[in-house]
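The block underneath contains the structure these notes are about, expressed in structure tokens.
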Amino acid sequence: MNFLEELNKRKTFGIISHPDAGKTTLTEKLLLFGGAIQTAGAVKSNKIKKSATSDFMEIERQRGISVATSVMAFEYRGLKINILDTPGHQDFAEDTYRTLTAVDSVIVVIDVAKGVETQTEKLVSVCRMRNTPIIVFINKLDREGKDAFDLLDEVEAKLGLKVCPLSWPVGMGQRFQGVYSRYEKKLVLFRPHGKQEEDKIEITDLNDPILEKYVGERPAQELREEVNIIEEVYPIFNREDYLDGKISPVFFGSAVNNFGVRELLDCFVDIAPAPLPRITEERLVKPEEDKFAGFVFKIHANMDPNHRDRIAFLRVCSGVFQRNTNYLHVRQGKTMRFSNPTSFMAEKKTVIDEAFPGDVVGLYDSGNFKIGDSVTEGEKLHFKGIPSFSPEQFRYVNNTNPLKTKQFNKGLEQLMDEGVAQLFTRESNGRKIVGTVGALQFDVIQYRLEHEYGAACDYEPVNLYKACWVSCDDDKALKEFKERRKRDLSYDKHGNLVFLAESAWTLQMAQENHPKVEFHFTSEF
Ligand code: GDP
């Protein structure tokens, strides 16, 4: 198979949802279809549950599971499909945001009873920043839930997506009978825990009286009316619009019953994008270019002090990545070669000789990589679109063992490079502030500083609402802003100016008083 064929057979995507909507279950069913796993239950949930805060071994065990499921690849209809896992736990949302920079499309899972939940809203807004193509799967139709039309309204209103239902449920909960696939023009009947494959009934004309025979008179009539409404109200499906992120196809089903999943997968395989180009500060990098380039989007550290290695996950963006070949680590300006690059097939880790655009390679690393680093055949490229997001929780961090200052600084720096949290240094007093998306990270940092670096820290509360990156074209206005807001200024680890707002009100006042200064909620703008 030549390079372009390899490239075009790849589809790399992520599944996102609010915890418990059914992401793990759906992932597992997809892997079963692809034959990557044989039994249900093989994909462990990567949910990190916050039990007792001191239960770090449990966190570590769960992180171990999550590295095994970081990338799951399977073959289906001659294609190679890479699912990049995203942690469901909101304290690890930052990890998920970064993983989304490495996918080419996403599937959003929504619980039919709960509708659009907070975590889904956040994650979809990150996808929309990059116009990532989105397919929506409404799950748990075997339970009573919200009316399908109301749900679509909710998806449009809360997620800001224009939807196009490509399947439609016949009933719900106790009365759930199946889904009509508008995409394939087929009715699929629901038999709980049954093999629905034989129950696919082809109905090319919904007015065919055969419909009554299968689902009964009233449901048949309702289905016809509802499909009519859909045709009038929602846009006609067009792949280009989907690829541009302008419309999102919607599917209905029940993951746990493996129902509606094949319809979703078959459509996904038809329409989802092959590896897409990536933007760098220098130029657009196209997957079909013959020279290899990729970037690190996630670093997984081993918390066991006896095995200090880390795995850096690199997305191949162009060319072919090859084992034991000299590549340039652009930020360090250093040549590196990788003798044991790994790929992940569900539970199996294997050393690979080559990888193509869209693939993710795990590189063993002893501390060379930071999130966002580029690796190339020599060109100095800097990939964009891997921003930091304004954290939601802040604390001062203190070094409590002055004899271990070096270890403290080094540990903190490495943990920040891994993306565990963000560090801001306050200009007025030089104090360090750790910002995270979730409270769990504070415990993780404290634990890891002690166990991996032999350093100790404690925290002090700091009253902050948001950290905003600041930019301004007018030097005079910037100078004035810096003088007046001295108390609220800090620098991130790259030395970028960051405004620390104590409340929504302080932020608003700063924006009003300094109209020429721009405030950004992500580090890239
Ligand atoms: P995640 O947190 O999004 O990964 O959710 P899981 O896949 O772990 O599912 C959460 C719970 O919902 C589990 O108990 C699943 O068995 C259940 N579940 C998943 N899909 C369905 C479904 O289609 N119907 C019903 N009734 N339960 C489901």
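Taking the Cα centre of the chain as the origin, how large is its charge dipole in debye, to the nearest 20, when only Lys and Arg (+1) and Asp and Glu (-1) carry charge on their Cβ atoms?
The dipole magnitude comes to about 1580 debye.
Just from its helices, what would the mean residue ellipticity at 222 nm be for the chain, if runs of 4 or more DSSP H residues each count -39500 (n - 2.57) and the sum is divided by every residue, rounded to the nearest 500 deg cm²/dmol?
Value at 222 nm, helices only, nearest 500: -8500 deg cm²/dmol.
Calculate, for the chain, the solvent-accessible area per residue in square angstrom, rolling a 1.4 angstrom probe over the heavy atoms of the protein chains.
Result: 43 Å² per residue.
Could you calculate the contour length gain from ASN340 to LYS200, that is, 0.36 nm times the residue separation minus the distance between their Cα atoms, to one decimal place in nm?
My answer for the length gained is 45.9 nm.
State to the nearest 20 debye the size of the charge dipole of the stretch 483-525 about its Cα centre, where the only charges are +1 on K and R beta carbons and -1 on D and E beta carbons.
The dipole magnitude comes to about 180 debye.
Counting only other residues whose beta carbon sits under 15 Å from that of LEU79, what net charge do I get with K and R as +1, D and E as -1?
With Lys, Arg at +1 and Asp, Glu at -1, the net is -1.
Relative contact order for the chain: what is it in percent, counting Cα pairs under 8 Å that are at least 6 residues apart?
This gives 14 percent for the chain.
Roughly speaking, what is the centre-to-centre gap between the stretch 361-425 and the stretch 454-525 when only Cα atoms are used, to the nearest Å?
What the calculation gives is 20 Å, centre to centre.
Going by amide H atoms built from the backbone, whose H comes under 5 Å of the H on SER167, apart from near neighbours?
Distant-sequence amide H within range of SER167: ARG182, VAL250, PHE252.
Sort 404-411, 117-124 by the packing proxy (mean of other Cβ within 10 Å over each peptide's residues), most packed first.
Answer by packing, highest mean first, reads 117-124, 404-411.
As I understand it, the value is the acute angle between the Cα axis of helix 405-418 and the longest principal axis of the Cα atoms of the chain; what does it come to in degrees, rounded to 10?
The helix 405-418 is inclined about 30 degrees to the chain.
Positive end of the charge dipole of the chain (Lys, Arg +1 and Asp, Glu -1 on Cβ, about the Cα centre): tell me which of ILE134, ASN258, HIS520 has its Cα farthest that way.
HIS520
Taking 8 Å as the Cα distance limit and 6 or more residues as the minimum spacing, I'd like the relative contact order of the stretch 362-484 as a percentage.
Contact order relative to length: 31 percent.
Please name which of LEU478, TYR447, VAL434 has its Cα lying farthest along the dipole of the stretch 366-502 towards the positive end, using unit charges on Cβ (Lys, Arg +1; Asp, Glu -1) and the Cα centre as origin.
Of LEU478, TYR447, VAL434, it is LEU478.
Give the calculated FRET efficiency between GLU413 and ASN324 to the nearest 0.05, with a Förster radius of 30 Å applied to their Cβ-Cβ distance.
Step by step, r from the Cβ atoms, then E = 0.50.
Check ILE203: other-chain or 5+ apart residues with amide H under 5 Å from its amide H, H built from backbone geometry?
Under 5 Å from the amide H of ILE203: LYS186, LEU187.
Within the chain, what whole-number % of the accessible surface is contributed by carbon and sulfur, with the 1.4 Å probe and all protein chains included in the calculation?
Here carbon and sulfur together make up 47 percent of the probe-accessible area.
Compute, for the stretch 367-411, the length of the dipole vector about the Cα centre, with Cβ point charges of +1 (Lys, Arg) and -1 (Asp, Glu) only. Units Debye, rounded to 20.
Here the size comes out at about 320 debye.
If eta is 1.306 mPa s and T is 10 °C, what Stokes-Einstein diffusion coefficient results for the chain, Kirkwood Rh from Cα pairs, in µm²/s?
It comes out at roughly 64 µm²/s.
Collect residues whose amide H, placed 1.01 Å from N in the peptide plane, falls under 5 Å from the amide H of ASP373; neighbours closer than 5 in sequence don't count.
Under 5 Å from the amide H of ASP373 lie the amide H atoms of VAL296, each far enough along the sequence or on another chain.
Using alpha-carbon pairs under 8 Å, 6+ residues apart, how would you state the relative contact order of the stretch 160-240 in percent?
Worked out over the stretch 160-240, it gives 25 percent.
Taking a point 7 angstrom from the Cα of GLU281 along the C-beta vector, which residues in the stretch 478-511 have backbone N less than 18 Å away?
Hits in the stretch 478-511 for GLU281 at 18 Å: 492-498.
The values are calculated or read from the model by the stated rules, or taken from the named source; none is laboratory data. Given the structure is predicted, the values throughout are model-derived calculations rather than measurements. Reconstructed Cβ throughout: ideal geometry from the backbone, glycine too, with neighbour counts over all protein chains shown. All accessible areas refer to the heavy atoms of the entire protein, side chains included, with ligands and DNA or RNA removed. Shrake-Rupley method; radii C 1.70, N 1.55, O 1.52, S 1.80 Å.
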